[in-house]
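Trainee: Have a look at the structure that comes next, please.
The values are calculated or read from the model by the stated rules, or taken from the named source; none is laboratory data. As the structure is a computational prediction, the values presented were derived from the model and not from experiment. All Cβ positions, even for glycine, are placed from backbone atoms using ideal geometry, and neighbour counts span all protein chains on display. Areas reflect the complete protein model, heavy atoms only, side chains present, ligands, DNA and RNA absent. Shrake-Rupley method; radii C 1.70, N 1.55, O 1.52, S 1.80 Å.
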Amino acid sequence: MRLSLGDKIMQRLIYAALTALGIVMLYPFWNSLVISFNLGSDTSLGGVTLWPRAFTLENYAIVFGDQRLLNSFWISVIRTGSGTVLSLLLTALLAYGMSKKTLLFRKPYMVFFIVTMFFSGGLIPTFMLIRSLGMLNTLWVYIIPGLISVYHMIVIRTFFSALPEGLEESAKIDGCSNYGIFFRIVVPVSGPVLATIALFTAVGHWNDWFTGAIYVSKDELLPIQTLLRQIMNSNIMTEMSSANAIAQEHMNRNRTVTTKSLTMATMMVATIPIILTYPFLQKYFVKGVLIGSMKE
């Protein structure tokens, strides 16, 4: 179909606007990456924008040489991996049960779940509950409270409801149990929605700093996002660098490392791992969003 002159002009304007918007959104991240690879003393002079003017790996050497940052990184990895797997498993099991129209009290259950999406007990009652359950300053506080997501359950349930009933009926004829049907029939054909929910859950776990800031006081259990927030808000990177022999040598003798350069390097270490997961699961995004918008 041939476009008119007005349509071509409008199309080019739209592309130009989207390109400009993309540049505006990507530039802060790119500039932070550039600063993390630039000498801190050179960055303090200004003018470092699109490319490192004095390339160095000293910032990352200090970041990866600090035990507290490495420990926080692995806490985030363990939390994200175990939390995503367990949350996806339990949420999918709940969604499978709620997708059955023969389930007794199905509608009251659904109303109960939806109410929890809009109302909560509040921060103080939640803190008291977490404390009474003995989860303060434990790794479980990152995983157990968020095991079930009602929104994710609704999305997965909608997908399960659209599956042909003949799949399960034929499996029942062959003597397959309910759990067998779920793990052998339903899960293998539900790859797109499960991958989408897994990505959303993993991003939520990785980016969450609030849980560590409220429920954890031990430094060895802080996730990297909480530690990064402390670094950026209270400037404790300077204190950390003073206690680090490598950082002390660079900052006192060579004066090539600054608080800003170390902060940017830490931020890249906390950001890049989760960004790298997007290209592998991008093809599921659109389908996952469409699934969530469909009705039974």
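Trainee: Grab the other residues whose beta carbon is less than 11 angstrom from that of Arg106, score K and R as +1, D and E as -1, and report the net.
Mentor: +4
Trainee: Just check the chain against the gyration tensor rule for me: Cα atoms, a ≥ b ≥ c as the square roots of the eigenvalues, rounded for a/c under 1.5, and otherwise prolate or oblate depending on whether a/b exceeds b/c.
Mentor: Because a/c hits 1.5 or more and a/b fails to exceed b/c, the chain counts as oblate.
Trainee: Here's something else I'd like to know. Whenever you get a sec, compute what percent of the accessible area on the chain sits on carbon and sulfur atoms (1.4 Å probe).
Mentor: Numbers: 11900 of 17590 Å².
Answer for the chain is 68 percent, counting heavy atoms of protein chains only.
Trainee: Quick one: what Rg and Dmax do you get for the stretch 37-122 from the alpha carbons, in Å?
Mentor: 24.5, 69
Trainee: Give me the number: length gained by fully extending Thr277 to Asn178, i.e. 0.36 nm times residue separation minus the C-alpha to C-alpha distance, one decimal in nm.
Mentor: Value of the extension gain: 32.4 nm.
Trainee: Here's another thing I want to ask about it. Restricting to DSSP loop positions (anything but H, G, I, E, B) with no more than 16 other Cβ atoms inside 10 Å of their own Cβ, which trypsin sites (Lys or Arg not before Pro) remain in the stretch 47-83?
Mentor: Answer in residue order: Arg53.
Trainee: Give a residue-ordered list of calculated ³J(HN,Hα) values for the stretch 195-209 (Karplus: 6.51 cos²θ - 1.76 cosθ + 1.60, θ = phi - 60°; whole Hz; x for Gly, Pro).
Mentor: With coefficients 6.51, -1.76 and 1.60, one gets 5, 5, 5, 4, 5, 4, 5, 5, 5, x, 5, 5, 8, 6, 10 Hz.
Trainee: Further question: By its C-alpha gyration tensor, with a ≥ b ≥ c as the square roots of the eigenvalues, how is the stretch 87-197 shaped: rounded for a/c under 1.5, else prolate for a/b larger than b/c, else oblate?
Mentor: Here the stretch 87-197 falls in the prolate category.
Trainee: Tell me the per residue accessible area of the chain using a 1.4 Å probe; a whole number in Å² is fine.
Mentor: I get 59 Å² per residue for the chain.
Trainee: So what is the 222 nm mean residue ellipticity for the chain from helices alone, if each DSSP H run of at least 4 adds -39500 (n - 2.57) and you divide by all residues, rounding to the nearest 500 deg cm²/dmol?
Mentor: Numbers: 17 runs with 201 residues, N = 296.
Result for the chain: -21000 deg cm²/dmol, rounded to the nearest 500.
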